[in-house]
Amino acid sequence: MEPPVITPNRAVARRLGVPYRTLAGLARERLGRKGLAVASPFRARRLLGRAVEETLGSRDSKGMAAALEGAVRAVLRTGKELEGLEGLPPRAERLVRVARRYRELLRKEGLVDPAEALAEGGKAGEKQPLEVRGYPYLGEGELAFLKGAASTGSPVELLLPQGPWGQGGRRAREVLEGAGLRVEPLPLSPLGEAFLLGREIHGGLTVEAFRFPSMEEEVRYVLGHIKDLLQQGVPARELALVARDDRRYGPLVAAVGFEYGLPVRLLYGIPVGETRVGGLVALLAEALEGFPYEATLRLLFHPLFPLGREGMDLDRIRRVRPQGEEWLELGLPEEVWELGGAKDGKALALGLREFLHPLGERLRSWPRERLALEALLEGLSELEGESREGFLSGLPELLFHLTVPAQPGYGGLELHTPLARYGGQYHHLFVLGMAEGLTPPPLGEDPMLGFREAEALRERGIPLEEPLEAAAREALVFAALLGSVREDGWVHLTYPEVVDRDPAPPSPFLERLGLHPKPPDPRARRVGSRVEARRLGHWEGDPLREHAERALGLEEVRYCEEAPPQNPWLPESLSVSALEDLVTCPFRFYVRHRLRLRGDGEAGDGEQGEVGSFLHEVLAEAVRQALGAGKREGREVREHLLEGNLERVFSEVEGRWREDPERSHLMRRRDWPFRRARLLGLLRKAAEKPRNGLFPEGSRVEEVEKRVEGTLEELGPIRIVGRVDRVDHNGSSPVLLDYKLGSNPPRAKHPEKGDLSLDFQLPVYRRLLGGGGLVYYLLPKGQRKGAKVEPDPLRKALEGAAGRLKGDLYSPDPDLKGKACWGCAARSVCRWTR
């Protein structure tokens, strides 16, 4: 029987034409025959946290376990015993105690840590003949496994270059040959040799290096080149796309690939909690804690919610804001309610599997979510032995430790790290991120296992990896990657000059190859999509060209006053507030009164205006009732309101708003009880003042919410409509009174000064009514403030508004300091910049 061939990755196995088998997989098989299993990441972290708690007595065992995890695994990876280690530095001694206790807890459950699987697998069972091919280096775990598992004479292929880069390989050779194995040098390509030994590049291989101003430009160039090669007929198996930091490049590669029509696969792991399935389960875990309103509502309307919602009245739910058992009366599916009543982890796991079962069919054509569902259904067994509280608290942790490929699928362009691609045979190799700090990654000490502690452990027989060995490992892998290109192939090395807004010099690996990156020739740029072509101004043959030119013409008309449109939009009527928006900023007028875009009340968009509307309604209703009772004098109205009628009217209006689905969200906010008390206090304080209050001595209320309508000479036939909050009479003339919730009177853009200093609303009302005094009442300050009338600036502002309407020109044009933009609802779609 032929010995199994062990390879480090699929690329080497494919080149050799053998089944893909790894040392890690063989170690798991040997452990299984001995009755041991490799602990899942969730179980391993749980047991490590328990070891930390028992050994160190930490109050934050989970946090300390997360901090110590890397150092503990570095110690366990060696496979050495941890007894009898005396005289260690304090940090190293603490680390050894935790690792020792952690190993004991694992063995009690028949488990081994993933980091020690190789070393322990070498001790499990008899030695067997193996054939190990294509390894550029061997770590301590691999060496421990081969010493214990490989029989005498088994061949091991290992990269053994000259110089300092080969120091680790030579030591590994001594260890393996001392155990009776036969070490064979792995052939090194001329390019790999030139890289490791710093020699000139010779042969028919073409190597090019380019620099780009940003990562996006780099990715666009590379994917455009790959798309061009595929269109020329180069098989996808002849191309390799590599990035040492694939997590940094992955989302950008996927986005640009989607734009270019290149299917991209990202195979690095992401937590299940970051998938749609994970989000659904996280919401379910939150909802099962007493069914709070927000979490339960979000669960019910999650895109993957597997049960029906037909019997639910959303408007009523938003008004009632149910909690707990109140949900049953409003149509909560019984399956969800029964799941909330499960008593222990086993019942919850069973109920959750039944809850998620219908998703299997829906996710059939969604690879990542299907894998997430499968991983979750299998991983729930980790929580079956927990109590109800332990299950619900452990579920978010489980979602973090379970992982799935970021973007799996079938076929397409794969983004890999060098570890997955070296040893293959490619005609084109593209390596992204050849910048310092990206390739190779920077070296640094573990905060829980410094250089001093690591040296002390090495002196006591724990062979931890040295910094030079880590640097050599990166170089050897990169050399093996360069050796994966055919003799007549191409190597494309690229890097961005800016990473995370910081300048990035080229990688030292480029210097070792004697390469000096330069920008690519703009004339040779490959345009990968119509979207990119349009951005670059290439419209030849584009089916949207005619439409784009027409749209551009309309935009030029809109922003160029010299070319007004033929058919401007002239409204029959405008409210005074709309006219004020037009004077202050035409674009705000366009968004609010032409497009009529509305914000999300639940999110608080336009909240200040809604609070003002609420107070206006309360005051209007309260004053109407006083007038109905025959009380018109300021003193009489004030006394009427302070007799309890103000509070009563406030409650009546509040009740009407609660019943209105469009406005009830203001009362559903958690801070409404505190806000209610504040608003009621403002009204009462304003009503109590006999002189500077809402109803001063000597005044007489004539009308409430008086409708104003008429035309203005500057605006021609357009009717201007509005509503004055109150018309009083002070004994000699009428007074137009407007309530304001701000601390200062409202101001429009001054046509001469360019700032917000023009009194607009009340002066316009005065012109429409033919006279009268003007007073703003500022509720937060409890003050009356007169309005300043400036006839000439007001006329110029109205003429400017008329010109905007006739020219259909609504470009962003706020005041000079941009104060009109503060809190503007159109801000998210505005293109104005100072």
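The values are calculated or read from the model by the stated rules, or taken from the named source; none is laboratory data. Keep in mind that what you see is a predicted model, and the values were worked out from it rather than measured. Please note: Cβ atoms are built from the backbone with ideal geometry, for glycine as well, and neighbour counts cover all protein chains shown. We work out accessible area using only protein heavy atoms, side chains counted, and drop any ligands, DNA or RNA first. Shrake-Rupley method; radii C 1.70, N 1.55, O 1.52, S 1.80 Å.
Accessible surface for Phe650 stands near 0 Å², nearest 10, in the context of the full protein assembly shown (1.4 Å probe). Output the pairs from Lys785/Lys819; Lys108/Lys346; Lys123/Lys343; Lys781/Lys817; Lys706/Lys796 with a Cα-Cα distance over 32 Å in this structure; if there are none, say none. Beyond 32 Å between Cα atoms: Lys123/Lys343. The smallest convex shape that holds all Cα atoms of segment 181-309, its convex hull, gives 265 Å³ per residue. Label-to-label distance, Ser575 versus Arg458, with points set 7 angstrom from Cα along the beta-carbon direction: 7.6 nm. Summarising the amide proton neighbourhood of Val735: residues at separation of 5 or more, or on other chains, whose placed amide H is nearer than 5 Å comprise Asp728, His729, Asn730, Gly773. Taken per residue, the accessible surface of the chain reaches 49 Å², heavy atoms only and a 1.4 Å probe. Only Lys, Arg, Asp and Glu carry charge here, each on its Cβ (+1 for the first two, -1 for the last two); on that basis segment 378-460 has a dipole of about 400 debye about its Cα centre. Rounded to the nearest 500, the helix-only mean residue ellipticity at 222 nm of the chain stands at -13500 deg cm²/dmol, with each DSSP H run of n ≥ 4 adding -39,500 (n - 2.57).
Taken about its Cα centre, the chain carries a charge dipole of about 840 debye when Lys and Arg each add +1 at the Cβ and Asp and Glu each add -1 at the Cβ. Checking every one of the trypsin sites (Lys or Arg not before Pro) in segment 137-223 against DSSP loop status and a limit of 15 other Cβ atoms within 10 Å picks out Arg199. Among the protein heavy atoms, those of Met64 account for about 50 Å² of accessible surface (1.4 Å probe, every chain in place). Phi angles across segment 725-735 convert, under the Karplus curve 6.51 cos²θ - 1.76 cosθ + 1.60 with θ = phi - 60°, into 3J(HN,Hα) values of 4, 7, 10, 9, 9, 9, x, 10, 7, x, 10 Hz, Gly and Pro given as x.
In order along segment 495-506, the phi-based Karplus estimate (6.51 cos²θ - 1.76 cosθ + 1.60, θ = phi - 60°) of 3J(HN,Hα) comes to 7, x, 7, 10, 10, 6, 6, 10, x, 10, x, x Hz; Gly and Pro are listed as x. In terms of packing, defined here as the mean over residues of other Cβ atoms within 10 angstrom, the peptides 332-345, 802-815 line up highest first as 802-815, 332-345.
Of all lysines in the structure, those lying under 29 Å Cα to Cα from Lys518, and not within fewer than 8 positions of it along the same chain, are Lys227.
Of the GluC sites (Glu not before Pro) in segment 55-108, the ones in a loop by DSSP (not H, G, I, E or B) with at most 16 other beta carbons within 10 Å are Glu81, Glu83, Glu86.
With all pairs of different alpha carbon atoms counted, what Kirkwood hydrodynamic radius in Å does segment 711-771 show? Kirkwood hydrodynamic radius for segment 711-771: 13.4 Å. Taking the Cα centre of segment 359-404 as reference, the dipole from Cβ charges on Lys and Arg (+1) and Asp and Glu (-1) amounts to some 320 debye. Please name which of Gly290, Ala124, Leu582 has its Cα lying farthest along the dipole of the chain towards the positive end, using unit charges on Cβ (Lys, Arg +1; Asp, Glu -1) and the Cα centre as origin. Going by the charge dipole, the pick is Leu582.
Accessible surface of the chain, 1.4 Å probe: 49 percent of it comes from carbon and sulfur atoms.
Placing unit charges on the Cβ atoms of the charged side chains and taking the dipole of segment 708-834 about its Cα centre, the candidate lying farthest along the positive direction among Leu769, Pro745, Pro793 is Pro745. Between amide H atoms placed 1.01 Å from N, distances below 5 Å from Tyr426 occur with Val485, Arg486, all of them 5 or more places distant or on a separate chain.
Listed options for mean projected area of the Cα convex hull in nm² are (i) 47.6; (ii) 57.5; (iii) 38.4. The value calculated from this structure is the one marked (i). Site pair Leu627 and Glu652 shows an inter-label distance of 1.5 nm when each label is modelled 7 Å from Cα along Cα→Cβ. For the pair segment 305-325 and segment 190-247, the centres of their Cα atoms are 55 angstrom apart. Computed over segment 107-211, the alpha-carbon pair-distance distribution with 10 angstrom bins reads 14, 36, 25, 16, 8, 1, each value a whole percent.
Annotation: Cα Rg of segment 335-427 relative to the compact-globule expectation 2.2 N^0.38 Å equals 1.44. The rule of thumb for compact globular proteins, 2.2 N^0.38 Å, goes into the C-alpha radius of gyration of segment 296-363 1.18 times.
Solvent-accessible surface of protein heavy atoms, probed at 1.4 angstrom with all chains present, puts Lys749, Lys685 in the order Lys685, Lys749, largest first.
Quote the Stokes-Einstein diffusion coefficient, in whole µm² s⁻¹, for segment 14-122, based on the Kirkwood radius over alpha carbon pairs, a temperature of 10 °C and a viscosity of 1.306 mPa s. Answer, rounded: 107 µm²/s. Along segment 402-407 the Karplus relation, 6.51 cos²θ - 1.76 cosθ + 1.60 evaluated at θ = phi - 60°, assigns HN-Hα couplings of 6, 10, 9, x, 4, 8 Hz to successive residues, with x for each Gly and Pro. Close amide H pairs (under 5 Å, H built 1.01 Å from N) link Gly698 with Gly634, Arg635, residues at least 5 positions away or on another chain. So in the chain, what percent of DSSP beta bridges are antiparallel if you round to the nearest 5? In the chain, approximately 40 percent of DSSP beta bridges are antiparallel ones. Computed with a 1.4 Å probe on the full set of protein chains, the accessible area for Lys34 sits at about 120 Å². When the GluC sites (Glu not before Pro) in segment 239-324 are filtered for DSSP coil states and for at most 15 other beta-carbon atoms within 10 Å of their beta-carbon, the remaining sites are Glu289, Glu310.
Taking the DSSP bridge list for segment 712-808 and keeping only pairs wholly inside it, about 60 percent are antiparallel.
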